[in-house]
Amino acid sequence: MLHSEQVALGNRLLKYIETKTTALGNAIYAQPISEYVCEHIAEIEQQVFFRNQLLCLGLSARLPRPGSFVTDSLSGIPILLTRDAKNKVHGFLNVCRHRGAQIARDCGTVKSFVCPYHAWRYDLLGKLISRPQDTAFGEMPRENHGLTPLTVVERDGMLWVCPSPGQSTDINKKLGGISNELASYNLASFHHFDSCTMRRRMNWKLIVDTFLESYHFGVLHKDTIWPIFYDNISTFDAWGSNFRLVSARRTIDGLKSINESEWNVLEHIVGIYVLFPNTVLVWQLDHVELWHIYPYTDDPNLSIVRLDLYTPQPAVAEKMKKHWKKNLDLVVKVVEEEDFPVGESIQMGFHSRAQNHITFGTNEPALTHFHRSITHAIQTAQKPT
Ligand code: FES
Ligand SMILES: [Fe+2]
């Protein structure tokens, strides 16, 4: 983040603390519950958000060297990314052209992939290079039966892929004005530390909602987050559908005794970037969390989430491994034991018919912006052409 932007943010947060307020929207917002429970809406969301758009699969560090590969099926589509000998990233459906088995699992480094079912072999460019009993498939030329390619983009240290073959989408349109700030973090230099996958009985948007206000810190997280962060103190800025919230660590008060030209505001905040609709990048002091949030199956009541933790240096020394493991364990404990149980209780209550909408206050502008953007995207997709 540019220093001038850091100073502006620091001053906004200090002002909010002094005046006991936060970034405010224009009006309260009534969010229909149907968008969390309706199977028809869930079906439209699958197409609009999880089939025809670029999905973020992680930072470039998921493919750290030539020969690296990584798989991902959170969207329900099995995807394989590879990095070739020239460092170029490729994307494929992780589906064998013989009878459809997944040719790769997890991640690693290889020279070629051997399908676990009948040992058809593919290279890093997706080419089918050999198959046992080749003559039995004589009418089916190997050249035409490589892995199905997907559109893939590596941009400013992030990996994006469109899960629908033959579909090309525009990363510039997707990121818009938020891309300059993402680029300023030099994400290409980060290293993958570890990942953790969670499944929950709550709509995927309720998981995103978890990140979108600091109003709950002093209540739900009074023993975990609140001693470290101010509650109900956040900035909010949007670039189209993408947006940023910044909340203040209590250490920010120390800036008042330092000249602005020497401020390092990044040490005193948590920066939450929502890359619309389902990727949340969290800038934390000395590491980055990347949350990948998806509906799980067609059921609007289920979601699956993967949290990746990336570090500015490789975690080689035991002391650093312990440090980042502690950070990962803490954030997983807080969401698993505090945020997500409340989210699951909300999802259950949605079916009770207690009300047909929930309410976002003027102190929760990011929630309003996120859900307005969701509604707008769905309505646009449904408009007759
Ligand atoms: S399914 Fe892959 S080799 Fe048969
Ligand atoms: Fe929370």
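None of the figures in this text is laboratory data; all of them are computed from the coordinates on show. Because the structure is predicted, anything quoted here is derived from the model rather than measured. Cβ coordinates were reconstructed from backbone atoms using ideal geometry, including for glycine residues, and neighbour counts include every protein chain displayed.
Based solely on its DSSP helices, what 222 nm [θ] is calculated for the chain when runs of n ≥ 4 H residues each add -39,500 (n - 2.57) and the sum is averaged over all residues, nearest 500 deg cm²/dmol?
After summing the helix terms and dividing by residue count, I get -7500 deg cm²/dmol.
For 333, 319, which order do you get if you count the other beta carbons within 10 Å of each Cβ and list the fewest first?
Placing the least packed residue first, the sequence is 319, 333.
Which one, 70, 137, 365, projects farthest toward the positive side of the charge dipole computed for the chain from Cβ point charges (K/R +1, D/E -1)?
137
At 1.002 mPa s and 20 °C, plugging the Kirkwood radius over alpha-carbon pairs of the chain into Stokes-Einstein gives what diffusion coefficient in µm²/s?
D = 96 µm²/s.
Hey, what did the chain get for relative contact order, percent, Cα under 8 Å, at least 6 apart? Don't skip to the answer; put the middle values down first.
On the way: 705 pairs, mean separation 85.7, N = 385.
Once divided by the residue count of the chain, the mean separation gives 22 percent.
At a 10 Å Cβ-Cβ cut-off, how would you order 200, 249, fewest neighbours first?
249, 200
Could you check how many percent of all C-alpha pairs in region 55-168 are farther apart than 25 Å? Walk me through the intermediate numbers first.
On the way: 1165 of 6441 pairs.
Here the long-distance tail beyond 25 Å is 18 percent of all Cα pairs in region 55-168.
Please work out the Cα center distance from region 266-302 to region 314-384, rounded to the nearest Å.
8 Å
Give the relative contact order (percent, whole number) for region 168-255; include only Cα pairs under 8 Å separated by 6+ residues.
After rounding, I find 24 percent.
Through the Karplus equation 6.51 cos²θ - 1.76 cosθ + 1.60, θ set to phi - 60°, convert the phi angles of region 262-273 into ³J(HN,Hα) values in whole Hz; use x for Gly and Pro.
9, 5, 10, 5, 4, 6, 10, 9, 10, x, 10, 10
So for 262, 267, fewest C-beta neighbours within 10 Å to most, what's the order? Could the numbers behind the result be given before it?
Working: 262 8, 267 14.
Placing the least packed residue first, the sequence is 262, 267.
Out of every Cα pair in region 320-385, what percent are spaced more than 13 Å from each other?
77 percent
Report, ordered by chain and residue number, the lysines lying within cross-link reach of residue 256, taken as a straight Cα distance under 17 Å and ignoring same-chain residues fewer than 8 apart.
Straight-distance partners of residue 256: 15, 20.
Using unit Cβ charges (K, R positive; D, E negative) and no other charged atoms, how large, in debye to the nearest 20, is the dipole of the chain about its Cα centre? Provide the component values of the computation, followed by the final result.
Numbers: 39 positive and 40 negative charges, 187 e Å.
Charge dipole of the chain: 900 debye, to the nearest 20.
Dipole magnitude of region 55-168 about its Cα centre, charges +1 at Lys/Arg Cβ and -1 at Asp/Glu Cβ only, in debye to the nearest 20?
Taking the Cα centre of region 55-168 as origin, the dipole is about 200 debye.
State the three equivalent ellipsoid semi-axes of region 219-307, derived from the C-alpha gyration tensor as the square roots of 5 times its eigenvalues, in descending order and whole Å.
Working: eigenvalues 175, 51, 26 Å².
After scaling each eigenvalue by five and taking roots: 30, 16, 11 Å.
Please list, ordered by chain and number, the residues whose modelled amide H lies under 5 Å from the amide H of residue 358; skip anything fewer than 5 residues away on the same chain.
Distant-sequence amide H within range of residue 358: 31, 33.
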